[in-house]
1. Has segment 371-379 got at least one residue that is crowded, with 19+ Cβ neighbours inside 10 Å, of a type outside the set (A, V, I, L, M) and either more than 23 Å from Val272 (Cβ to Cβ) or modelled with pLDDT under 95 (or both)?
2. Among all residue pairs at least 6 apart or on different chains, which show Cβ distances below 7 Å where the first residue, located in segment 149-171, is more than 16 Å from Asp128 (Cα to Cα) and the second is part of a helix (DSSP H, G or I) and of a type in the set (Ser, Thr, Tyr)?
3. What do you reckon, is Met260 within 16 Å of the ligand (Cβ to nearest atom) and open to solvent by less than 10 Å² (accessible area, probe 1.4 Å)?
4. Within segment 135-174, work out how many residues are among the aromatic types (Phe, Trp, Tyr) and open to solvent by less than 10 Å² (accessible area, probe 1.4 Å).
5. Going by what's in this entry, would Val141 be described as in a loop (DSSP other than H, G, I, E, B) and within 16 Å of the ligand (Cβ to nearest atom)?
6. Give the residues of segment 235-251 that are more than 14 Å from the ligand (Cβ to nearest atom) and assigned to a strand (DSSP E or B), sorted by residue number.
7. Looking for whichever is in contact with a strand residue (DSSP E or B) (Cβ under 9 Å, 6 or more places away or on another chain) and either in contact (Cβ under 8 Å) with a residue 60 or more places away in the chain or within 16 Å of the ligand (Cβ to nearest atom) (or both) here; the options are Phe270, Phe232. Which one fits?
8. I'd like the full set of residues that are buried (at least 24 other Cβ atoms within 10 Å of the Cβ) and within 20 Å of the chain's Cα centre (by Cα), limited to segment 123-133.
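The values are calculated or read from the model by the stated rules, or taken from the named source; none is laboratory data. Quick caveat: nothing in here was measured; it's all calculated off a predicted structure. Here the Cβ is made from the backbone with ideal geometry for all residues, glycine too, and neighbour counts use every protein chain on show. These accessible areas exclude ligands, DNA and RNA; they are computed on the full protein's heavy atoms, side chains included. Shrake-Rupley method; radii C 1.70, N 1.55, O 1.52, S 1.80 Å.
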Amino acid sequence: MIFTRFLPAVLLASIAWAQADYDLLIKGGHVIDGKNRISAVRDVAIKDGKIAAVAADIASSRATKTVDAAGLYVTPGLVDIHVHVYQGLTRNSYAAGSWGLQPDGYTLRNGVTAVADAGSAGWRTFEDFKTRIIDNQKTRVYSFINIVGAGMGSGGIEQNLQDMEVKPTADMAMKYKGLIVGIKSAHFNGPEWTPYINAEEVGKIAHIPVMVDFGGNVRAGRTLYDLLNKYFRPGDIFTHMYGGHRGEQDPETKGASKAMIDGRKRGVIFDVGHGSGSFLFSCAVPLMKEGFIPDSISTDLHYNSSLSGMRDMLNVMDKFLAMGMSLDDVILRSTWNPAKEIQHEELGNLSVGSPADVAVLRLEKGKFGFLDQSGGRLEGTQRLATEMTLRDGAVVYDLNGLGAVPWEKVPPRPAGGRGQATPKKQ
Ligand SMILES: [Zn+2]
C-alpha cells in the first residue's frame with residue numbers, strides 16, 4: 001500500500017528529472033574564473049555535481065532549481081594551501097597539538113572547499129590524520145607531509161634531525177599520491193641544511209613540491225638566498241612571504257630582497273601563509289607597492305591565528321583588496337593558482353566538467369579595518385562575505401538561504417521521521 005501511494009510521486013519526480021537539463025542554475029552573478037579568463041556576468045549550470053555550462057543567459061526553465069545571484073560574485077570554491085587541521089598525537093603541543101582545527105567549521109563558511117594541511121602530520125602520523133580528519137570532512141583536505149616523521153609539535157620534535165628520513169616519507173607520499181601534495185619543512189632553527197635537502201629528495205622521488213617555513217631564526221650561513229636559489233626547485237613554495245624576519249626585505253629599500261627577486265625569476269612560488277606570526281604590513285605594503293605580489297593567498301589557519309589578526313580566508317583576501325589588488329587578481333590567487341601549485345588542476349576553476357565546487361560571495365562596501373600580527377591596522381573600503389558554498393554541486397553553506405524555500409512551503413515531515421519521506425524497502 002505504501003508503495004502504490006508513492007508511485008505517482010516517484011514517477012512525477014523522474015519525469016521532472018528527465019526534463020531538466022541541469023540540477024542547479026546560479027543565475028545573474030558576476031563570474032570570476034581566472035583559469036578561463038572570465039570576469040563578467042554569467043549563469044553557471046550544474047549537473048551531477050559537475051559544472052555543466054557557463055553562459056550569458058541560461059533559461060531557468062532548464063534547471064530543477066535556480067539561485068538568484070544578481071549583485072553577487074560567483075567564483076570557484078576557494079583553495080587554501082596553508083592550514084593546520086590535525087591535532088596530532090602529542091598533547092599540549094602547538095601546531096599539530098592543540099592548535100589544529102576541524103576544517104569544515106572554518107572553511108565552508110568562507111567559501112573554501114579545498115585545503116592543504118601544511119605539515120601537521122609526518123609519515124608516522126599521516127594515516128591517523130587521514131582516518132580521523134581527511135576522510136570525515138566535506139572540505140577536500142590534502143597534506144604537505146612534514147619531513148619530520150612525528151610531524152609538528154613542541155619540545156624539540158621539529159629540531160630532531162634523526163627523524164627527518166627520506167625513505168619512509170617518500171614511501172608514504174607515494175602510497176597516498178594525490179592526497180599528499182607536497183612536503184613541508186617548518187620551524188627549524190639549527191644551522192644545518194638537512195631538513196631542506198631531505199625534503200627536496202622526497203620531492204624528487206614523489207614529483208611534488210616542497211613548502212618551507214624558514215624558521216624563526218635565520219642563521220649565518222643558512223640564508224634565504226641559498227634556500228630559494230640553490231636548494232629549491234622551480235615550483236617549490238616559500239610560505240610566510242610577508243613575515244618580514246627571514247630575509248624577505250632589502251634592508252635599505254624595504255622592498256623585496258635579492259633572494260626573493262632571483263627566486264621568483266627561477267620559478268619559486270611565493271605564498272602568503274598569514275598565521276599569527278608571519279604577516280606584517282611593514283613587509284607586505286612595500287613589497288606589494290613594487291609589484292612583488294603573492295602567487296597564492298593562504299591563511300595558515302590554526303586555533304591561534306583564527307583569533308588573531310588573521311581571522312579567516314576572506315579576511316586575508318580583504319587585506320589584498322585593501323592594498324590595491326583587484327578582485328579578479330585576489331580570486332585568481334585564491335583559486336586557480338593554488339590549485340595548480342598542489343597539482344589539482346581539476347579544482348580552482350569553473351571549466352565544464354570540473355567538480356562543481358563554487359563560492360558565491362558578496363562584496364560589502366564600507367569602512368573596515370584589517371590587522372597584521374603586530375596589531376598594526378590597515379583601513380579598507382571593501383570586505384568579502386560568503387553567501388553560499390557548494391561542494392560537488394551540493395549546497396554546504398547558505399548564509400541567507402538563497403537556495404532554500406519559504407518555510408511555509410517546506411513539505412511536512414512524516415510522523416516519527418526526519419526530513420523528507422523516502423519509500424521503505426518491502
Ligand atoms: Zn603553518
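1. Yes: segment 371-379 contains one or more residues that are crowded, with 19+ Cβ neighbours inside 10 Å, of a type outside the set (A, V, I, L, M) and either more than 23 Å from Val272 (Cβ to Cβ) or modelled with pLDDT under 95 (or both).
2. Leu161/Thr194; Met164/Thr194
3. no
4. Final tally of qualifying residues: 1.
5. Criteria not met by Val141.
6. Answer for segment 235-251, where residues must be more than 14 Å from the ligand (Cβ to nearest atom) and assigned to a strand (DSSP E or B): just Gln249.
7. After applying the criteria, what remains is Phe270.
8. Once the filter is applied, which keeps residues that are buried (at least 24 other Cβ atoms within 10 Å of the Cβ) and within 20 Å of the chain's Cα centre (by Cα), segment 123-133 yields Phe126, Phe129.
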